[in-house]
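The structure appears below as structure tokens.
The values are calculated or read from the model by the stated rules, or taken from the named source; none is laboratory data. Worth saying up front: this structure is predicted, and the values here are computed from it rather than measured. Here the Cβ positions follow ideal geometry from the backbone for every residue, glycine too, while neighbour counts run over all protein chains shown. Note: areas computed on protein heavy atoms with side chains; ligands, DNA, RNA excluded. Shrake-Rupley method; radii C 1.70, N 1.55, O 1.52, S 1.80 Å.
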Amino acid sequence: MSGSARAFTDGGIAQPGRAPLWATFALTWINNFGAATSLIAIYFIAKSRFDFTPRENLMLGLLQGVTYIAGAMSVGVGSRLLAGPGRAISTRALLALLQVALAALCFMPLVFQNAWSVWLLVGIYSPLTGWLWPIIESFLSAGRTGATLRRSASVFNFSWASSQVLTFWIISPFLSNDPPSKPLWTIAAMGLSHLICLPAILAIPRDPGSHDHGDDPALSTAERVNYRKLLVCFRIAIVMSYVVYSALNPLLPARMSALGIAEGSPANTLLTSVWMSSRVLMFLAMGAWAGWHGRRHALVWSIALLLGGFATCMLAPNIPIMAFGLAVFGVGLGAIYSAAFYYAMEVGSAAVDAGGKHEALIGLGYTAGPLAGLGAEMAILANLIPGSARTHGGEAVATHLAGSGQLPLVTLIAVLVLALPAIALIVRQARDKSQ
């Protein structure tokens, strides 16, 4: 049986409380059609339908980050209080309720047809996904370790990442503001994916199985110590990577316009999908190749690719260079995420709490990235950065600066400044002999 087949079937081995991998992969893949639309494509929709400025998109990203942290940090305690053995409902039932709630939220912009509905959608949808993913990750990881866990984590990452790519391809013709309700129908239609997940939920156990699987017998004591050290390093790196990610996404609509791509054009999301596609390929490569396990060099090249790709995207003068930057950025992001997820599952706990901590770290990056962009804009508007702050008035200055290159450049500098302490912490941790 091939490695990919074993990843889907666990080699035919059934254990009590262990969810079938096909079900967890289906839940992951299908859910992301709604999530990618409501949390990533939303920046293009907000700009197209409600004329969101770069500042408003950055504030929307900040809202997403703060609320995602709240959801991810509360899922461990909250899920234990509400669901599980001895509780009124099972974890499976809680997961089903989340699906219904997420689907209903996706109809909010269509029903209300105003900008505030976008803020409400993100403000409620984001923390609910902070519960959704750790619960699914808990079902995925229960009772698995070693090579089985590595293959499962690889396919899990491929599942959600590939559905994001498909989402951006599917919705690309439907983001134009003609008629005005078309992009809002797109959110609602993709949100139905959450309801399509319900049959797959019936295939998983009532509650996740035991996560107390002990240490992987294939790892020596020295290897386990090294893995724990690398887990800390990559957890720092994943926060940094999502700072970069969340600074980039809100500015992409304005960057696309600056490169001559018309608002609402399918080219906006198709070009954006370049980084998602390269991330998918990197997930597959990291899952198939074990040569990076326990090796520090993966930290160096993954961070270099991430920051180099981001810088290229912020400064790209034309579409081909933007596409190249996005591809490099996706490879770096995929490598960091793969390593952080693998080490968290291998030498950390795999319970809901562990997934929640992993997602909360991502949420921290979601929050800091938009803050860097907003700080950059404030510096420009306060004329702390020499340029055009005095030549454009009101909201127009934000759009002008994003298009002309000043806001992306200052945001790039702000992000690199934020990255330096993270890199210093990683170097210090990697050299620490006391662990």
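Between A288 and L315, with labels modelled 7 Å along Cα→Cβ, what's the label distance in nm to one decimal, could you check?
Rounded to a tenth, the inter-label distance reads 3.3 nm.
5 Å is the cut-off here: which amide hydrogens, built 1.01 Å from N in the peptide plane, fall below it relative to S90, excluding neighbours closer than 5 in sequence?
Amide H neighbours of S90, under 5 Å, 5+ apart: G84.
Mind ranking 60-67, 258-265 by how tightly packed they are, going by the mean number of other C-beta atoms within 10 angstrom, highest first?
Ranking the peptides 60-67, 258-265 by packing returns 60-67, 258-265.
Sorted by mean Cβ packing within 10 Å, highest first, what order do the peptides 241-247, 133-139 take?
The most tightly packed comes first, giving 241-247, 133-139.
Using the heavy atoms of the protein chains and a 1.4 angstrom probe, tell me the accessible area per residue for the stretch 215-352 in square angstrom.
Heavy-atom SASA per residue in the stretch 215-352 reads 31 Å².
At what distance in nm do the modelled label points of R224 and A424 sit from each other, each positioned 7 Å from its Cα along Cα→Cβ?
Between R224 and A424, the simple spin-label model gives 3.4 nm.
Leaving out ligands, DNA and RNA, what percent of the accessible area of the stretch 37-169 is carbon and sulfur, probe 1.4 Å?
72
Using mean Cβ contacts within 10 Å as the protection proxy, how do 323-334, 187-198, 415-426 order, highest first?
Going from most to least packed, we get 323-334, 187-198, 415-426.
Give me the one-decimal nm value for the distance between modelled label points at A304 and I413, 7 Å along each residue's Cα-to-Cβ direction.
Calculated label separation equals 2.6 nm.
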